[in-house]
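Following: one structure in structure tokens, then a few remarks.
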Amino acid sequence: MKTIGVVRFLGTNCDRDIWQAVEMAGARPQWLWYQDHFDPSDFDGLVIPGGFSYGDYLRCGALAGKAPVMSDVKAAAEKGVPVMGICNGFQILCETGLLPGALVRNENLRFIDQWSPLKLVNECPAWRSPAPEITLPIAHGEGRFVVDEGMEKQLWDQGQVWWTYKDNPNGSVGDIAGVLNSNKNVAGMMPHPERAVADWMGGIEGLAFFS
Amino acid sequence: MKVGVKILPRTEVLDSQGRAVEKTLERSGRLLNSCRVGKYIQLDVDAATKDEAFEKAKDIAEFVLYNPLIESYELEIL
């Protein structure tokens with residue numbers, strides 16, 4: 001059975017949802033506390049859940065990016081361990097430099113909480129994609145992905161765009177909802193697959209991400 | 001010694017907060033060319049000289065206070 005580390009900071013609030021999604025997908029979740037250090041070889045994958053780490057102080061994900069646990073997440077990523085950041089987890093991975101770009105306030109200044117249709121652009125070998133087109137919940141105030149033109153071109157050219165929004169709710173550059181690092185083992189997305197893992201939630205398309 | 005760190009969104013990045021403030025001002029008849037919203041951080045560091053304080057503040061700012069992809073910063077000795 002695969003072991004998936006679930007990283008928790010003060011203010012993380014999607015951790016129990018990720019834990020349950022990982023269990024439902026047949027893997028064994030294990031907590032990783034923000035002050036902890038760990039051995040990357042003990043894990044088959046790492047998930048950084050959403051929430052409001054450090055109360056979103058300074059910039060979303062900036063302070064969490066400097067927490068002790070992140071030095072080991074970086075080491076794990078460099079060794080090829082699959083890492084996925086969702087929502088605030090995506091912001092944290094961008095702030096640490098494990099993923100390109102940054103996430104800033106939504107264009108319309110509103111916190112957006114809705115189901116958003118997404119399109120798969122490039123498969124991530126580490127985290128499965130359920131289908132080429134899916135719909136997942138989004139819930140964020142600062143989810144507008146920004147990157148300079150040169151880097152945007154690189155993302156498209158090198159197959160690092162993971163998912164795009166079909167309706168671009170937040171003003172992200174190139175409709176980008178999720179990206180991959182150049183090695184394709186680190187992935188981040190603003191939508192919440194863990195909130196779509198049972199029929200009563202409104203969809204089960206998120207489960208495949210954890211399988 | 002106290003050092004101020006002024007952080008503003010880069011001009012290439014759409015500053016949605018600044019735009020909202022600008023629209024409110026315009027709606028109330030206070031016309032202006034533009035408005036950008038950033039943040040101001042005050043540091044107190046041990047330093048014998050202004051240069052030393054400046055170097056320490058620069059290291060702190062570049063470590064975590066600002067994100068060069070989306071923001072620019074300026075230091076001022078207070």
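Taken about its Cα centre, the stretch A:3-210 carries a charge dipole of about 160 debye when Lys and Arg each add +1 at the Cβ and Asp and Glu each add -1 at the Cβ. Of all lysines in the structure, the ones whose alpha carbon falls short of 16 Å from that of B:K50, not counting any fewer than 8 places away in one chain, are B:K2, B:K58. Ordered from largest to smallest accessible area (heavy atoms of protein chains, 1.4 Å probe), the residues A:W163, A:W115 come out as A:W115, A:W163.
Please state the shape class of the stretch A:40-166: rounded when a/c is under 1.5, otherwise prolate if a/b exceeds b/c and oblate if not, all from the C-alpha gyration tensor. Since a/c stays below 1.5, the shape of the stretch A:40-166 is classed as rounded. Rounded to the nearest 10 square angstrom, A:K66 shows an accessible area of 90 square angstrom against a 1.4 Å probe. When DSSP beta bridges are restricted to pairs lying wholly in the protein assembly as shown, around 70% turn out antiparallel.
Within the straight-line cut-off of under 16 Å between alpha carbons, the lysines reachable from A:K66 are A:K74, sequence neighbours fewer than 8 places apart in one chain being disregarded. What separates the Cα centres of the stretch A:47-80 and the stretch B:52-67 is a distance of 20 Å.
Oblate is the label for the stretch A:1-79, because the ratio a/c of its alpha-carbon gyration tensor axes (a ≥ b ≥ c) is 1.5 or higher and a/b is not greater than b/c. Accessible area per residue (1.4 Å probe, heavy atoms of protein chains only) ranks A:L103, A:L109 as A:L109, A:L103, with the largest value leading.
Of the residues A:E149, A:E78, A:E194, the one that moves most in a GNM of chain A with alpha-carbon contacts below 10 Å is A:E149.
When shorter helices are ignored and each DSSP H run of at least 4 residues is given -39500 (n - 2.57), the per-residue value for the protein assembly as shown at 222 nm works out to -6500 deg cm²/dmol. Sorted largest first by accessible area at a 1.4 angstrom probe radius, with every protein chain in place, the residues A:R110, A:R8 fall in the order A:R110, A:R8. Under the classification rounded if a/c is under 1.5, otherwise prolate if a/b is larger than b/c and oblate if not, where does the protein assembly as shown fall, given a ≥ b ≥ c as square roots of the Cα gyration tensor eigenvalues? It comes out oblate by the Cα gyration axes. Normalising the average separation of contacting C-alpha pairs (under 8 angstrom, six or more residues apart) by the number of residues puts the relative contact order of chain A at 20 percent.
The values are calculated or read from the model by the stated rules, or taken from the named source; none is laboratory data. As the structure is a computational prediction, the values presented were derived from the model and not from experiment. Ideal geometry is used to build each Cβ from the backbone, glycine not excepted, and the neighbour counts take in all protein chains shown. Surface areas here come from the heavy atoms of the whole protein model, side chains and all, with no ligands, DNA or RNA. Shrake-Rupley method; radii C 1.70, N 1.55, O 1.52, S 1.80 Å.
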